[in-house]
Amino acid sequence: MPVVIESLKEAIIDAEGNEVMAWGKSSEGFISEVTVAARGDEVSVSAVFQHMEKGDVVIHNHPGGVLKPSQADMQVAGRLGEHGIGFYIVDNDVERVYAVVEPIEVKETELLDTESLANLLEPEGKLEDAMLSGGFYEYRPSQVEMLRRISDSFNKSRICIAEAGTGVGKSMAYLLPSLNWASANEERVVVSTATINLQHQLVEKDIPLAQKLLGTDCKTVLVKGRGNYVCLRRLAAAIDEQSLFDEDNEELEAIKEWSGTTSIGTRDDLSFMPANSLWTKVNSEGDSCLGLRCKYRDRCFVLKSKKEAASAGLLVVNHHLLFSDLAMRLEGAGFDNSVVLPPFTRIVFDEAHNIEQSATSFFSSELSIFSLLKQLNRLYARKGARTFGAVINLQIEAGAFEDDEKIPGQVDAVKEQIQVLDTKALTLLDTEYSIWLKPETSELFKEHLFPLMIELQKRIIDLLHSVENIVKRLDEKDLELPVVYEVRMLERRLESFASICQSFTLWEEKTGNIFWMDKLKSSSGDFFARFVITPLDISQMMRESVFGPYDTVICTSATLSVNKDFRFWSARVGLNGYEDREVAASIFRSPFNYRENVLLALPTDAPEPNSDSFQDWAAEYSLKLLKLSEGRALLLFTSYKMLSETFDIIKPELDELGITALKQGADDRSRLLESFKTDTASVLFATSSFWEGIDTPGDSLKVVIIFKLPFMVPTDPVIAARMEAVVKRGGNQFMEYMLPEAAIRLKQGFGRLMRRGTDSGIVSILDSRIVKKRYGSVFIKSLPETSRSIKDAEGVLRDCENFLYSN
């Protein structure tokens with residue numbers, strides 16, 4: 001347009017014919033407006049770029065009149081092109097133009113037709129038609145209302161909190177708008193879940209159905225973490241090491257053979273389950289990945305999966321993988337680039353009650369003897385008279401010098417020091433499983449651990465200096481060699497361990513973190529110490545990495561509210577008081593008839609849960625109830641110790657009755673659940689992760705017994721620190737943290753019973769605090785409305801018997 005040309009000419013004249021960088025807005029194939037953003041060469045582009053968006057154009061003049069792009073021009077154009085931004089070169093008279101990269105034409109956003117989507121689920125809609133060929137259709141008004149709310153949130157680019165009771169059909173309520181939006185607007189949507197079970201349900205069942213209803217072929221990809229993939233380079237190294245030391249490993253040979261035939265390269269594609277110790281030697285890891293420098297890149301399964309993801313409109317991931325992507329974007333990778341995932345604009349968090357736990361886990365950093373030895377052995381290791389590792393490979397390129405001879409001794413010195421630190425930490429932990437670094441325990445750390453950490457940090461740094469001296473001997477052309485890249489990654493990892501040591505000694509200055517140590521068991525059954533730094537609060541991270549950058553964020557779960565109030569969960573993830581965005585929160589009630597189909601059994605004469613008599617009483621009561629139900633029960637515990645003790649008491653009696661007793665930890669989780677589902681006269685004793693994610697509809701599950709209210713362990717350092725933070729701001733740590741967290745957890749356990757509208761059964765809670773303490777009403781009001789039996793144990797058991805045989 002003439003006005004744009006004149007504007008550019010004036011800017012070039014004002015710059016005395018020197019280089020000008022302008023930012024243009026395109027409309028219908030023309031540059032409709034232009035803003036001179038900088039004067040100077042390509043370096044100035046960064047000042048312009050941060051204000052631009054897809055479809056814009058950078059216009060740059062060449063004073064000499066030669067419009068051929070320079071190497072710097074091509075680099076800039078490539079970077080802009082990745083974001084859909086064009087790059088034009090003009091002469092000083094703005095008469096000639098060279099389009100190095102054309103901008104991507106930005107189509108107008110196509111809003112979702114909410115009513116058309118809702119009609120798909122209504123009676124006589126496409127869902128009912130689809131069910132005629134196999135399946136069962138049930139009209140769920142709450143599902144339709146949830147779909148409307150989510151569709152509206154896509155259209156209005158807002159944050160949506162949606163608690164969907166069991167049976168609402170939340171996955172279809174968010175998949176239809178998500179797929180429709182991705183297809184219509186060519187914008188990528190990410191669906192993130194906490195469990196692999198839900199991911200497989202979405203990919204194998206729910207998404208194909210949603211695509212059929214919409215009549216769309218919008219590509220969907222299940223993205224797995226790189227640890228699930230075999231790394232061909234590490235596999236080759238493991239095989240070389242095996243032959244080098246004349247060892248034989250049938251599983252390794254089987255993986256080698258499989259790697260030549262598999263098309264996806266994931267662990268679950270193997271015909272056998274390799275030992276974890278072997279898989280961790282050959283799987284892909286971010287710390288050791290050479291990327292495009294790797295000679296196996298053309299066959300790389302991770303790169304192949306990334307290409308698949310880049311061509312998809314909907315990605316299904318787990319929370320941990322998503323947070324690994326978001327962390328890198330927050331650290332500078334940007335929100336428009338491909339990182340762990342290709343760029344996306346909207347997020348759906350399913351199982352959103354786990355967001356804080358997942359984010360806390362990911363953003364924590366830790367040091368242990370095993371994590372450090374793993375990196376040291378990659379750097380330099382010896383077996384007998386033979387040596388191997390990245391340093392040896394680096395010396396081949398740089399040449400071996402006399403100074404390098406101290407590296408083996410430095411590696412040994414680091415190994416020796418981490419062993420000393422580990423031994424001392426285990427001695428201090430003694431009968432404790434964890435110790436939180438705080439004023440009351442600081443002397444223990446200062447006297448016994450900090451000197452050892454400072455020495456470990458020093459030895460790591462000395463080692464790194466020696467390794468860096470080898471790198472410095474390389475010619476500049478050799479700095480791009482794969483081995484240099486590998487060494488650089490190992491250096492960064494070792495630097496992070498040194499940084500953890502330093503951070504511990506400076507803990508008082510780092511008030512936003514929790515410093516603690518605990519002990520874990522290795523695969524061989526031996527204890528080892530772990531030093532951990534955990535963020536005290538993830539709310540600001542969530543705002544900066546999720547709620548701020550992304551146009552639509554949907555958070556859904558069956559358990560987000562406490563007594564129909566979202567404030568606890570919202571505060572934990574950073575949405576309380578968040579005024580930068582519109583946030584809509586709704587509860588969509590379950591269509592299940594809990595009042596008719598579920599009996600909440602609460603014996604009032606149970607001993608106090610922490611009394612010596614509780615264990616025997618609970619086992620005796622449970623056995624009586626299991627006899628009435630003929631097994632078909634899930635027993636949920638808050639500690640593995642009580643689980644084991646109860647199992648030992650009850651199992652002999654169940655054996656005599658022909659009822660199978662299944663114990664968490666006795667077998668693989670998936671096999672355990674399959675046995676429970678198929679054996680309708682079985683009882684599963686479980687804790688921890690079994691409070692959620694179990695889907696056992698029908699006759700296999702008629703009774704859920706919850707032994708204690710699921711309060712978190714107040715001595716856990718992270719929990720204790722967060723409780724203290726509530727007190728410091730003038731709150732009540734029990735009412736504002738412990739109680740609501742336990743209420744959400746109880747809802748998860750309660751939700752294991754009724755998975756289909758035709759299910760029925762009993763949930764019995766043996767913790768008398770639910771009926772004797774004032775706060776017990778918070779738990780009860782947070783659960784669906786059921787029939788209730790609140791009597792002494794004998795009266796409750798009579799009601800249970802009547803309920804079981806009348807339903």
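The values are calculated or read from the model by the stated rules, or taken from the named source; none is laboratory data. Only a predicted model underlies this, so the values are computations on that prediction, with no experimental measurement involved. Positions of Cβ are backbone-derived with ideal geometry, glycine not excepted, and every protein chain shown enters the neighbour counts. Accessible surface areas use protein heavy atoms only, side chains included; no ligands, DNA or RNA. Shrake-Rupley method; radii C 1.70, N 1.55, O 1.52, S 1.80 Å.
The table that follows gives values for the structure above.
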{"read-out": "Per-region count, segment 377-395, residues free of Cβ contacts under 8 Å to residues at least 60 places away in the same chain and part of a helix (DSSP H, G or I)", "value": "2"}
{"read-out": "Hits in segment 691-719 - residues which are under 30 Å from residue 364 (Cα atoms) and either free of Cβ contacts under 8 Å to residues at least 60 places away in the same chain or of a type in the set (Asp, Glu) (or both)", "value": "692, 712, 713, 714, 716, 719"}
{"read-out": "Sole exception among (1) out of contact with any helix residue (DSSP H, G or I) (no Cβ under 6 Å at 6 or more places or on another chain); (2) at pLDDT 95 or above; (3) over 26 Å from residue 320 (Cβ atoms) for residue 176, by number", "value": "(1)"}
{"read-out": "Hits in segment 424-440 - residues which are part of a loop (DSSP other than H, G, I, E, B), modelled with pLDDT of 95 or more and exposed (fewer than 13 other Cβ atoms within 10 Å of the Cβ)", "value": "439, 440"}
{"read-out": "Test result for residue 339, touching an Asp or Glu at 6+ places or on another chain (Cβ under 8 Å), outside any helix (DSSP H, G or I) and on the phi < 0 side of the Ramachandran plot", "value": "yes"}
{"read-out": "Residue check for residue 58: buried (at least 18 other Cβ atoms within 10 Å of the Cβ) and modelled with pLDDT of 80 or more", "value": "yes"}
{"read-out": "Per-region count, segment 256-299, residues among the β-branched types (Val, Ile, Thr) and either touching a Ser or Thr at 6+ places or on another chain (Cβ under 8 Å) or more than 25 Å from residue 197 (Cβ to Cβ) (or both)", "value": "3"}
{"read-out": "Any pair with Cβ under 7 angstrom, 6 or more apart, that starts in segment 441-462 at a residue that is under 24 Å from residue 721 (Cβ atoms) and open to solvent by less than 30 Å² (accessible area, probe 1.4 Å) and ends at one that is of a type in the set (D, E, K, R) and assigned to a helix (DSSP H, G or I)", "value": "449/424"}
{"read-out": "The listed residue being under 30 Å from the mean Cα position of the chain (by Cα) and either modelled with pLDDT under 95 or of a type in the set (S, T, N, Q) (or both), out of 670, 629, 682", "value": "670"}
{"read-out": "Unmet requirement for residue 582, which otherwise passes all of (1) surrounded by fewer than 16 Cβ atoms within 10 Å (Cβ to Cβ); (2) more than 30 Å from residue 537 (Cα to Cα); (3) in contact (Cβ under 8 Å) with a residue 24 or more places away in the chain", "value": "(2)"}
{"read-out": "Candidate set: segment 301-325, residues that are touching a Pro at 6+ places or on another chain (Cβ under 9 Å) and surrounded by 17 or more Cβ atoms within 10 Å (Cβ to Cβ); chosen: the one nearest to residue 195 (Cα to Cα)", "value": "315"}
{"read-out": "Members of segment 310-328 that are in contact (Cβ under 8 Å) with a residue 40 or more places away in the chain and either over 21 Å from residue 573 (Cβ atoms) or aliphatic (A, V, I, L, M) (or both)", "value": "311, 312, 313, 314, 315, 316, 317, 321, 322, 326, 327"}
{"read-out": "Answer residue from segment 179-195, given it is in contact with a helix residue (DSSP H, G or I) (Cβ under 8 Å, 6 or more places away or on another chain) and part of a loop (DSSP other than H, G, I, E, B) and is nearest to residue 557 (Cα to Cα) among those", "value": "194"}
{"read-out": "Helices (runs of 4 or more DSSP H) wholly inside segment 585-667 that include at least 3 residues being open to solvent by less than 30 Å² (accessible area, probe 1.4 Å) and of a type in the set (Ser, Thr, Tyr)", "value": "614-629"}
{"read-out": "Segment 269-293 residues that are more than 13 Å from residue 251 (Cβ to Cβ) and at pLDDT below 85, paired with ones that are aliphatic (A, V, I, L, M) and surrounded by 12 or more Cβ atoms within 10 Å (Cβ to Cβ) (beta carbon under 6 Å, 6 or more apart)", "value": "287/489"}
{"read-out": "Filter result for residue 478 (open to solvent by 10 Å² or more (accessible area, probe 1.4 Å) and either among the aromatic types (Phe, Trp, Tyr) or under 34 Å from the mean Cα position of the chain (by Cα) (or both))", "value": "no"}
{"read-out": "Single residue of 753, 739 found to be out of contact with any His (no Cβ under 9 Å at 6 or more places or on another chain) and outside any loop (DSSP other than H, G, I, E, B)", "value": "739"}
{"read-out": "Within segment 460-483, tally of residues that are among the basic types (Lys, Arg) and within 13 Å of residue 379 (Cβ to Cβ)", "value": "0"}
{"read-out": "Residue within segment 196-213 that is assigned to a loop (DSSP other than H, G, I, E, B) and surrounded by fewer than 23 Cβ atoms within 10 Å (Cβ to Cβ) present", "value": "no"}
{"read-out": "Filtered residue count, segment 326-335, keeping only those that are within 15 Å of residue 346 (Cβ to Cβ) and either open to solvent by 60 Å² or more (accessible area, probe 1.4 Å) or assigned to a loop (DSSP other than H, G, I, E, B) (or both)", "value": "1"}
{"read-out": "The listed residue being surrounded by 14 or more Cβ atoms within 10 Å (Cβ to Cβ), at pLDDT below 80 and not β-branched (Val, Ile, Thr), out of 38, 11, 77", "value": "38"}
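The rows are residues; the columns are (1) of a type outside the set (Ser, Thr, Tyr); (2) more than 19 Å from residue 765 (Cβ to Cβ).
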| position | (1), (2) |
| --- | --- |
| 616 | yes, no |
| 626 | yes, no |
| 632 | yes, no |
| 648 | yes, yes |
| 653 | yes, yes |
| 664 | yes, yes |
| 676 | yes, yes |
| 692 | yes, no |
| 700 | no, yes |
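Each row is one residue, and each column tells you yes or no for (1) modelled with pLDDT under 90; (2) over 27 Å from residue 307 (Cα atoms); (3) open to solvent by less than 20 Å² (accessible area, probe 1.4 Å).
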| site | (1), (2), (3) |
| --- | --- |
| 116 | no, yes, no |
| 128 | yes, yes, no |
| 131 | yes, yes, no |
| 145 | no, yes, no |
| 163 | no, yes, yes |
| 225 | yes, no, yes |
